[in-house]
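K.L.:
Structure below; questions to follow.
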Amino acid sequence: MNRPLQICLVAGARPNFMKVAPIVHALNTRKELGQAGGLSLHVSIVHTGQHYDPNMSDVFFRDLGIPAPDRHLDVGSGSHAEQTAKIMVAFEKVLLEDLPDLVVVVGDVNSTVACALTAKKLGVRVAHVEAGLRSFDMTMPEEINRKLTDAISDLLFVTEESGMRNLRAEGVPEERIHLVGNVMIDTLLRSMGRVGSWEFAPSGPVRVFCGTGRRYAVLTLHRPSNVDRKETLAPVWGAISEIARDVPILFPVHPRTRGKIAAFELDVAGVTMIDPVGYLDMLYSVKGAALVLTDSGGLQEETTALGVPCVTIRESTERPSTVEIGTNYLVGTRPEAILSAAREILAGRAKTGPTALGREVRSPNLGNYYK
Ligand code: UD1
């Protein structure tokens, strides 16, 4: 019997897990069908360990039903060079032992570029899921990761039209580019039913905060360019504190940001800081929010898919469709701009967009929307 086609899926950091989940499920379904029809697939998952705290990693495997990784590289934190290098050294050993036919990487984190580069140098074909996104800001580590990964990948799976345009403008041959849609939104749609069902019980802090029926906002903030220096974080935090006077804010805090807020002694009145939450808890809190404030990449798309107004505290976005047709406001980091967008939304004048749920949502308060 022929050797099965070996596909190695890489996941490393929190935003990877929701992208890997539907691919694993689809491949495993194909595997079962294929076994009946003669096509033989072997799928393995490699977790690099870039994110390692249970609430940044394990909870996502549980929430999303992702099988336990076949290999765990346990690389942990470090400088960009250290982390990328550690992943490459460890992943090379895995590749030499397992000899996969295809490595699939997702998103734009350090694990993405490290594993793509390692595989390519060993002559293993590479597929990049979420290819072509560009912020055109080369000070962002993710932009460097995106460009390098796309430059060496054999198969480029693209989520939105802008990605197709970017890759064509970079001269990528047409046969390598495939507009396939957004696997992260596949996960969202698959999960919304569970979040809306009576069987779902949000975890303690999320239930306490979101379950009262009052209007609230959700905040996430972790980008080094926003949080690492006091001169940058303090003014942004000033705007957030102002908004917190109008609406209570739930803030699941990334470990990096928690450390910085403490070190800079910022006043957190009006902001409920909790540890990072799992995927279903996050969806639950976001779908009921009047407003999301964020510097995340993925949340811009998730809020657009849900029709929840989102204020993105960044100067650029690699996901322009969320601004052009979605509910996203790209406001930069000036406190006045953050405040004015938030107030506009809270006053009930949020823009609307087509949601992935096939409904236009006009009310800025989505409480009980799925009930
Ligand atoms: C990474 C991604 C970023 C993504 C973010 C989502 C890169 C370049 N960045 O940034 O694109 O938006 O994940 O969360 O890959 N830490 C913990 N526990 C963990 C993981 C990290 O305490 O499980 C702390 C460590 O102090 C670490 C710091 O967070 O040094 C930053 O982690 P790192 O993986 O380097 O980058 P993120 O900021 O999480």
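K.L.:
Computing the accessible area with a 1.4 Å probe over protein heavy atoms, can you report the carbon and sulfur percentage for segment 31-99?
P.N.:
The C+S portion of the solvent-accessible surface of segment 31-99 is 55 percent.
K.L.:
For the chain, report the accessible area per residue in Å² (1.4 Å probe, heavy atoms, rounded to an integer).
P.N.:
Dividing the accessible area of the chain by its residue count gives 42 Å².
K.L.:
Excluding same-chain residues fewer than 8 positions from residue 147, which lysines have a Cα within less than 22 Å of its Cα?
P.N.:
Residue 147 reaches 19, 86, 120, 121.
K.L.:
How big is D for the chain, in µm² s⁻¹ as a whole number, if Stokes-Einstein is applied with the Kirkwood radius of its Cα pairs at 4 °C and 1.567 mPa s?
P.N.:
For these conditions, the coefficient is 61 µm²/s.
K.L.:
Could you look at segment 180-235 and say what percent of its accessible area is carbon and sulfur, using a 1.4 Å probe and all protein chains?
P.N.:
For segment 180-235, the apolar C and S fraction of the accessible surface comes to 56 percent.
K.L.:
While we're on this one: Starting from the Cα of residue 260, draw a straight line to each of the lysines and keep only those under 21 Å, dropping any in the same chain fewer than 8 residues away.
P.N.:
Result set, ordered by chain and number: 230.
K.L.:
For segment 249-312, what % of the accessible area comes from carbon and sulfur atoms, probe 1.4 Å?
P.N.:
C and S fraction of accessible area: 52 percent.
K.L.:
Here is a further query. With the cut-off at 1.5 for a/c, could you classify segment 52-106 from its C-alpha gyration tensor as rounded, prolate or oblate?
P.N.:
Here segment 52-106 falls in the oblate category.
K.L.:
By per-residue mean of other Cβ atoms within 10 Å, what is the highest-first order of 105-117, 137-149?
P.N.:
Averaged packing, sorted descending, gives the order 105-117, 137-149.
K.L.:
Something else now. Given C-alpha coordinates of segment 180-256, what is the ratio Rg to Rh with the Kirkwood estimate of Rh?
P.N.:
1.06
K.L.:
Cross-link candidates for residue 351: which aspartates and glutamates have Cα within less than 16 Å, leaving aside residues fewer than 8 places away along the same chain?
P.N.:
Excluding near neighbours in sequence, the set is 301, 302, 324, 360.
K.L.:
Can you tell me the order of 253-260, 294-301, 11-18 when each peptide is scored by its average per-residue count of other Cβ atoms within 10 angstrom, highest first?
P.N.:
Those peptides, ordered most packed to least, come out 11-18, 294-301, 253-260.
The values are calculated or read from the model by the stated rules, or taken from the named source; none is laboratory data. Source: prediction; values computed, not measured. Counting neighbours? That spans all protein chains shown, and the Cβs are built from the backbone with ideal geometry, glycine included. Ligands, DNA and RNA are stripped out before the accessible areas are found, and what is left, the full protein with its side chains, is counted by its heavy atoms. Shrake-Rupley method; radii C 1.70, N 1.55, O 1.52, S 1.80 Å.
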